[in-house]
Amino acid sequence: MSHNTFGKNLRFTSFGESHGSTIGCVLDGFPPGMAITPEEIKQQLIRRATGQSRHTSQRKEQDDVQIVSGVFEGVTTGHPIALIIENTDARSKDYTAIAKQIRPGHADFSYWKKYGVRDYRGGGRSSARETTMRVAAGALARKWLLENYRITITAWLAQLGDIKLAPGDLSRIDESPFFTGEIDRVPELDQYMDALRKSGDSVGARINACASHVPAGLGEPVYGKLDAELALAMMSINATKGVEIGAGFESVNQNGSVHRDEIIAGEFASNHAGGILAGVSTGQDITLSVAFKPTSSLRIPGQSIDTEGRAIEVVTKGRHDPCVGIRATPIVEAMMALVIMDHIMRHQAQTGSSNK
Ligand code: EPS
C-alpha cells in the first residue's frame, strides 16, 4: 500500500515527484469563507525553498502556486482546495551516474526493496520536494488558526550538529537562513556550514516548536491522541529520526514531584507536559522537538551496492542540502498547524463545542 493522505476532518493529500512535471495537494474539509491568495501561500513557501542561501541546495524553483479549486473570488468555498506547483529547475542528468546505485542511508535502498522500481531522478517521491505542498496547505491552516483562535505556531533551530542554540528572540527567526532567534550567533553558524560544505559531509539538526493559544480539550483518546498524531506528522517529514513532546526524553531523569505541572491559583506553574495530558490539550503552549538526521547524498565516497547487488563505491554530485534540518523549520510549523486544525474540527464535530 501507498499512503499519501493524513487528517480526518481536514484531509491533506499530496502528489508528485521531485523531477516530475508538477507537484500538488488537495486539502479537503477546509471551512468556507476565508480569504486567501497565492501570494500569501508563497510567503510561507519561500521560507522553506531551496536556493535562498548558500547553505541549502542550489536548485532554484520559483514555487509559484496555482489555486486550482476550492477558492472563488479569493475566498475558500468549502470544497476541496487543490494547489499545484510546476517543477521548473529539475536537472535529471545529475542523477544518471547513480541511476543504478544505492546511496547508503537513503530511501534508495528501502524504496527499491519495497517497490522493485524507483524514480531515481532527485529521489522521486522520497525527495524533500514533496514537503513544499505541506507548507502550502499549512499556510491556509495557519491563517485560519490565527483568525479563529489567535493560535500562533513558531519553530526554530535548537541545535545544528553539536552547536546548541537558545530560543533567543523568536520574532527574528526569519532574519537569517538558520531560523534562529540568536541572531548574534549567525556568523558562527555561517562559518560552521561553510566548513561542512567544503568537507563534502552533512550534519543533523534539532528543531523546537511551540503552538500558543491552543484551546484545552483537543485530542481523541485513545488512538487519536493529540501528541500521537503530532508525532506521526513529524515522523512523516523527510529525515526525521526522533520526536519529543514537552520534556520528552528528559522526563526519564525527572521525579514525579518535578515533572508534574502543579496548578497554583488556577495557573499551571510549569509545562513539562508540553501542553498535552493523556493525549488531550491542556490550554498551555504545545511544545515539541524534532531530530533530523544528516542527509545521505554526499560527495564523500561510501561503500554500497548497485541494483544488481554488486559492491560499489557511491559518490553523489549535484545540488544537495548539507543540513536539511535547517529548512525543515517551516515544515514542522506547517504540520503542526494542519494537525491542530484537524483536531479543532474533530473536537467540534464530536462535542459541538469550539472550546474557544
Ligand atoms: C533533494 C535534492 C535536491 C533538493 C531537493 C531535495 O534536488 P535535486 O537533486 O533535484 O537538485 O533541491 O529539494 C527541493 C527541490 C525542494 O524544493 O525542497 C533530495 O534529495 O531530497
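Remarks
- Straight-line cross-link reach from LYS293 at under 23 Å between alpha-carbon atoms covers these lysines, not counting any fewer than eight positions away in the same chain: LYS113, LYS114, LYS164, LYS198, LYS241, LYS317.
- Cα long-axis angle, helix 38-48 against the chain (0 to 90 degrees, to the nearest 10): 60 degrees
- Top positive-direction residue, dipole computed over the chain with Cβ charges, set MET335, HIS259, SER353: MET335
- Residues PHE15, PHE30, PHE6, sorted so that the one with the fewest Cβ neighbours within 10 Å comes first: PHE15, PHE6, PHE30
- Burial order of peptide ranges 87-94, 327-334 (average beta-carbon count within 10 Å, highest first): 327-334, 87-94
- Size check on the chain: the Cα extents along the three principal axes, sorted descending, read 65, 51, 39 Å.
- Charge context of SER270, other residues only, Cβ under 14 angstrom, K/R +1, D/E -1: -4
- Label-reachable residues, segment 306-324, where backbone N falls under 18 Å from a point 7 Å from THR96's Cα toward its Cβ: 315-319
- Projecting the Cα atoms of SER171, HIS320, SER236 onto the charge dipole of the chain, computed from C-beta unit charges around the Cα centre, puts HIS320 farthest toward the positive end.
- Note: relative contact order over the chain, using C-alpha pairs below 8 Å and six or more positions apart, is 21 percent.
- Cα point-scatterer Debye curve for segment 28-77, base-10 log of I(q)/I(0) at q = 0.13, 0.19, 0.31 Å⁻¹: -0.41, -0.68, -1.17
- Counting only aspartates and glutamates at least 8 places from LYS356 when in the same chain, those with an alpha carbon closer than 18 Å to its own are GLU147, GLU220, GLU267, ASP285, ASP342.
- The label-point distance for ARG54 and GLU73, in a model that sets each label 7 Å from Cα toward Cβ, rounds to 5.1 nm.
- The length gained by stretching the chain between GLU40 and THR351 to full extension, at 0.36 nm per residue less their Cα-Cα distance, is 108.7 nm.
- Projecting label points 7 angstrom from Cα along Cα→Cβ for LYS8 and VAL252 puts them 3.2 nm apart.
- Using θ = phi - 60° and Karplus 6.51 cos²θ - 1.76 cosθ + 1.60, couplings along segment 298-304 (whole Hz; Gly, Pro as x): 10, 7, 6, x, x, 7, 7
- Modelled label reach - GLN303, point 7 Å along Cα→Cβ, segment 98-120 residues with backbone N closer than 12 Å: none
- Using only alpha-carbon positions in segment 189-319, the gyration tensor eigenvalues give semi-axes of 40, 18, 13 Å once each is multiplied by 5 and square-rooted (largest first).
- VAL26, VAL315, VAL68 arranged by Cβ crowding within 10 Å, fewest neighbours leading: VAL68, VAL315, VAL26
- Neighbours of THR5 by Cβ distance under 11 Å: Lys/Arg scored +1, Asp/Glu scored -1, total +1.
- When LEU140, LEU338 are sorted by how many other C-beta atoms sit within 10 angstrom of their C-beta, beginning with the fewest, the order is LEU338, LEU140.
- Cut-off 13 Å between beta-carbons: net charge of the residues surrounding GLY248, Lys and Arg +1, Asp and Glu -1: -2
Each value in this text was obtained by applying a stated rule to the coordinates, not by laboratory testing. Note that the structure is a prediction, hence the values are computed from the model and not measured. Quick reminder, even Gly has a Cβ in these numbers, built from the backbone with ideal geometry, and neighbours come from all protein chains shown.
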